[in-house]
1. With Ile123, Ile147, Ile99 as the choices, which residue is β-branched (Val, Ile, Thr), assigned to a strand (DSSP E or B) and surrounded by fewer than 14 Cβ atoms within 10 Å (Cβ to Cβ)?
2. Does Lys149 count as under 22 Å from Lys108 (Cβ atoms), among the charged types (D, E, K, R) and either touching a strand residue (DSSP E or B) at 6+ places or on another chain (Cβ under 6 Å) or free of Cβ contacts under 8 Å to residues at least 24 places away in the same chain (or both)?
3. Quick one: in region 150-174, of everything that is outside any strand (DSSP E or B) and not polar (S, T, N, Q), which residue is farthest from Met86 (Cα to Cα)?
4. Residues being farther than 23 Å from Lys164 by Cα and under 18 Å from the mean Cα position of the chain (by Cα): count how many of those fall in region 108-137.
5. Can you confirm whether region 74-82 contains a residue that is in contact with a Phe, Trp or Tyr (Cβ under 8 Å, 6 or more places away or on another chain), surrounded by fewer than 16 Cβ atoms within 10 Å (Cβ to Cβ), among the hydroxyl-bearing types (Ser, Thr, Tyr) and at pLDDT 95 or above?
6. On the basis of being surrounded by 13 or more Cβ atoms within 10 Å (Cβ to Cβ) and either assigned by TED's automatic domain parsing to the domain that holds Arg65 or basic (Lys, Arg) (or both), does Lys134 make the cut?
7. So, in region 102-120, of the ones that are small (Gly, Ala, Ser) and within 29 Å of Arg49 (Cβ to Cβ), which residue ends up surrounded by the fewest Cβ atoms within 10 Å (Cβ to Cβ)?
8. Take the residues of region 46-77 that are among the acidic types (Asp, Glu) and touching a Leu at 6+ places or on another chain (Cβ under 9 Å): which is farthest from Ile99 (Cα to Cα)?
Amino acid sequence: MRKPFRLLLVTLCAALCFPQAASAGTVREWYPDGKIRAEKEVDENGEPRGTVKEYGEDGTLLSERRFIGGVRDGIGKLYYPTGELMSEWAYKDGLRNGIGLGYYKNGKVKDRGGYPNGKLEGIVSMYSPGGSLKAEMNFKNDRQDGISKTYYESGKLQYLYKHKGGRLLNRKTYG
């Protein structure tokens with residue numbers, strides 16, 4: 001009786017104490033009710049590669065992210081719980097890199113901005129659900145810098161802001 005118990009104990013200890021070699025392939029995660037939560041391909045080190053997909057409890061696709069060597073690279077997409085595209089961003093070597101777009105549920109562009117090398121840079125434009133321009137903001141090194149403008153629904157200029165290094169220097173109101 002003691003030998004089988006001791007053998008079982010040693011086997012269990014070895015299984016828990018020593019890391020097991022990871023195997024490449026598809027990994028799936030599940031909700032308690034058995035519906036799929038996430039699906040991804042992994043390499044021999046367990047790092048994600050290719051497209052990682054995450055799903056809501058109702059099975060709706062919530063996100064798609066691309067990985068190369070365990071690092072985000074390529075277009076990443078987020079979806080509203082109802083399935084419409086919410087945003088898409090380009091990544092390179094784990095950092096946002098390129099133009100990013102946000103969308104309203106009706107499919108129209110909500111905002112647009114650029115992230116060269118992981119930092120918000122240049123003009124960020126924001127739009128109304130109907131498609132008219134709401135604001136234009138200038139960024140440098142992740143901070144508002146330069147002239148920013150907001151607009152009335154009619155398209156007329158509402159406010160003009162001047163920023164430097166993230167600090168508001170002045171604001172002018174238009175009627």
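1. Numbers: Ile123 fails: surrounded by fewer than 14 Cβ atoms within 10 Å (Cβ to Cβ); Ile99 fails: surrounded by fewer than 14 Cβ atoms within 10 Å (Cβ to Cβ).
Only one candidate passes the filter, namely Ile147.
2. Working: under 22 Å from Lys108 (Cβ atoms): yes; among the charged types (D, E, K, R): yes; either touching a strand residue (DSSP E or B) at 6+ places or on another chain (Cβ under 6 Å) or free of Cβ contacts under 8 Å to residues at least 24 places away in the same chain (or both): yes.
Criteria met by Lys149.
3. Kept after step one, since they are outside any strand (DSSP E or B), are these residues of region 150-174: 152-156, 165-166, 174.
From what is left, the residues that are not polar (S, T, N, Q) are 152-153, 155-156, 165-166, 174.
Values: Tyr152: 24, Glu153: 23, Gly155: 25, Lys156: 28, Gly165: 29, Gly166: 27, Tyr174: 32 Å.
That would be Tyr174.
4. Number satisfying all stated conditions: 2.
5. no
6. Numbers: surrounded by 13 or more Cβ atoms within 10 Å (Cβ to Cβ): yes; either assigned by TED's automatic domain parsing to the domain that holds Arg65 or basic (Lys, Arg) (or both): yes.
Answer is yes for this residue.
7. Gly118
8. The initial filter retains those residues of region 46-77 that are among the acidic types (Asp, Glu), namely 47, 54, 57-58, 64, 73.
The next check asks that each one be touching a Leu at 6+ places or on another chain (Cβ under 9 Å); those that pass are 54, 64.
Working: Glu54: 23, Glu64: 17 Å.
Residue satisfying both the conditions and the ranking: Glu54.
The values are calculated or read from the model by the stated rules, or taken from the named source; none is laboratory data. From a predicted model like this one, the values you see are computed outputs, not experimental measurements. In this analysis, Cβ positions are derived from the backbone assuming ideal geometry, glycine residues included, and neighbour counts consider all displayed protein chains.
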